[in-house]
Amino acid sequence: MADRYLSFTGTAPGRFLTRRLGLPQPAALRRDALDGGLLHLTAGKTDLDLAPVLARTGLPRDEDGRPAAVVLDATGVRDVDALAEVHAALHPVVRSVAASGRVVVLGAPLDPADHHQAAVQQALEGFTRSLGKEIGRGRTVNLVRLTDAAPAESTLRFLLSPASAYVSGQVIEVGAAGGGAAPDDWALPLAGRTALVTGAARGIGAAVAETLAGQGAQVVVLDVPQAEEAARRAAERLGGTALALDITAADAGERIAAALPGGLDVLVHNAGITRDRRLVNMPADRWSSVLDVNLASVLRTTDALLAAGAVNRGGRIVATASIAGLAGNAGQTNYGASKAGIVGLVRSLAPRALAGHGVTVNAVAPGFIETRMTAAVPLFIREAGRRMNSLAQGGLPVDVAETTAWLAHPASGAVNGQVVRVCGQSLLGA
Ligand code: NAD
């Protein structure tokens, strides 16, 4: 379902009319390239050696005062006085950041022994989220907490690229170690890796499979037997293979392991269903089918694959949550519960999976993404879903796919236990 409002506001009369009426002004997001250079600013005293990593992003240094990307290193901000340097650094430049530009604030982990440092580092979160809500023109603002630039390279490259077009208002923690090896070729980071995507015959899963294949992965397109034909066609197009399997089968994990004797490097739990009803009207079968597909099967197959050693060391597990699981949504007690369950799974398993198997576990939490699922939503609710975010538009499946690819990246080993919303900074679950 095309977003006609977005097309209309892209025309001169549309811009005039919507501005006069005080209506949302979505800007068409650049998903091809950022238009301008990089500006590197600091607030407080910093020890971070960022220059080499930033140089490798490929963005030229900003020369004309119209940066496409601004990186503010605020890792050294330890008190309220130093926090004023955040204002001093960004206040003069924020207006000139190019449309669809990026602002990335770098913060430090909160110091449990220093409540002044913790206060101002936490302040950066409120700052980032507020700036994200006001900056407009398709520009995004995110905060990365880190202690070392090297393990954060894949994260900085992602956030400073068009791939993160619909990721805004997020706080991402990057660990100090375990960044993983830099790929031989940053354009094909998944070369030689096998990736299985569940529910990949259509929608977001199909986009994830395509993006991972585009980055060099050998993909396995898993979907229910009824969707076998579509899965086979998608796999053929991507040079991968199809696996017709209902993920709720009790032995799904064992069957995946058997189908992939060389093991898996990337496991994307994307398959999901909705069976909406308010709790008062919800029969037990609608509850259990949603919990089974969206959560129980994710738990079962993850356990089986890890126990069988079928996820290779350096492997990446990416599960799919939803903003409905963070904010709650009327008519979706089953769906909201299942997606919140994914968040719990990720937070608990991530450190153990890394220690025991060398595997990271993260989640993407999509907001309003333009798919068949959301095209079926009644008009007014659909319009509200599209507009109620800082970018005033829905995201595309490719936005979720690119975020998944960043989490699946061989160099993203220091990103673990994170739940990253791909929601244009939705007001729901913010
Ligand atoms: P979709 O309905 O278009 O596609 C889901 C795919 O999963 C289908 O191909 C379906 O056949 C498959 N599937 C369903 N049950 C399965 C099972 N038991 N075993 C194997 N495959 C199964 O949905 P989508 O919009 O692409 O959503 C993908 C994921 O993203 C889901 O987990 C969904 O909850 C989540 N999500 C979507 C949105 C959105 O706006 N579209 C928002 C938040 C979260």
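The values are calculated or read from the model by the stated rules, or taken from the named source; none is laboratory data. What you are looking at is a predicted structure, and each value in this text was computed from that prediction instead of being measured. Every residue, glycine among them, receives a Cβ derived from its backbone with ideal geometry; neighbour counts consider all protein chains shown.
One table, with the values for the structure above:
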quantity: Sole residue being more than 13 Å from the ligand (Cβ to nearest atom) and over 25 Å from the mean Cα position of the chain (by Cα), chosen from 258, 213, 244; calculated: 258
quantity: The range 216-229, subset under 17 Å from residue 410 (Cα atoms) and under 21 Å from the mean Cα position of the chain (by Cα), residue farthest from the ligand (Cβ to nearest atom); calculated: 216
quantity: The range 362-382 residues that are more than 10 Å from the ligand (Cβ to nearest atom), paired with ones that are in a helix (DSSP H, G or I) (beta carbon under 6 Å, 6 or more apart); calculated: 362/407; 363/342; 363/346
quantity: Evaluation of residue 107 against (1) surrounded by fewer than 16 Cβ atoms within 10 Å (Cβ to Cβ); (2) touching a helix residue (DSSP H, G or I) at 6+ places or on another chain (Cβ under 6 Å); (3) not hydrophobic (A, V, I, L, M, F, W, C) (one fails), failing number; calculated: (1)
quantity: Tabulated pairs, the range 198-217, first modelled with pLDDT of 95 or more, second among the charged types (D, E, K, R) and assigned to a strand (DSSP E or B), C-beta under 7 angstrom, 6+ apart or interchain; calculated: 199/223; 200/223; 201/223
quantity: Members of the range 194-229 found to be in contact with a strand residue (DSSP E or B) (Cβ under 7 Å, 6 or more places away or on another chain), surrounded by fewer than 24 Cβ atoms within 10 Å (Cβ to Cβ) and of a type outside the set (A, V, I, L, M), listed by number; calculated: 194, 218, 225, 228
quantity: Number of the exception - residue 346 against (1) within 13 Å of the ligand (Cβ to nearest atom); (2) buried (at least 22 other Cβ atoms within 10 Å of the Cβ); calculated: (1)
quantity: Criterion violated by residue 318 - all others in (1) part of a strand (DSSP E or B); (2) surrounded by fewer than 24 Cβ atoms within 10 Å (Cβ to Cβ) satisfied; calculated: (2)
quantity: Residue 37 being surrounded by fewer than 19 Cβ atoms within 10 Å (Cβ to Cβ) and at positive phi; calculated: no
quantity: Complete set of residues in the range 172-210 that are in a loop (DSSP other than H, G, I, E, B) and within 16 Å of the ligand (Cβ to nearest atom); calculated: 199, 200, 201, 202
quantity: Identity of the residue in the range 327-339, touching a helix residue (DSSP H, G or I) at 6+ places or on another chain (Cβ under 7 Å) and within 12 Å of the ligand (Cβ to nearest atom), that ends up farthest from residue 285 (Cα to Cα); calculated: 329
quantity: Count of residues meeting criterion [closer than 13 Å to residue 367 by Cα, assigned to a loop (DSSP other than H, G, I, E, B) and touching a Gly at 6+ places or on another chain (Cβ under 8 Å)] in the range 393-428; calculated: 6
quantity: Single match in 293, 266 (criterion: within 15 Å of the ligand (Cβ to nearest atom) and surrounded by 22 or more Cβ atoms within 10 Å (Cβ to Cβ)); calculated: 293
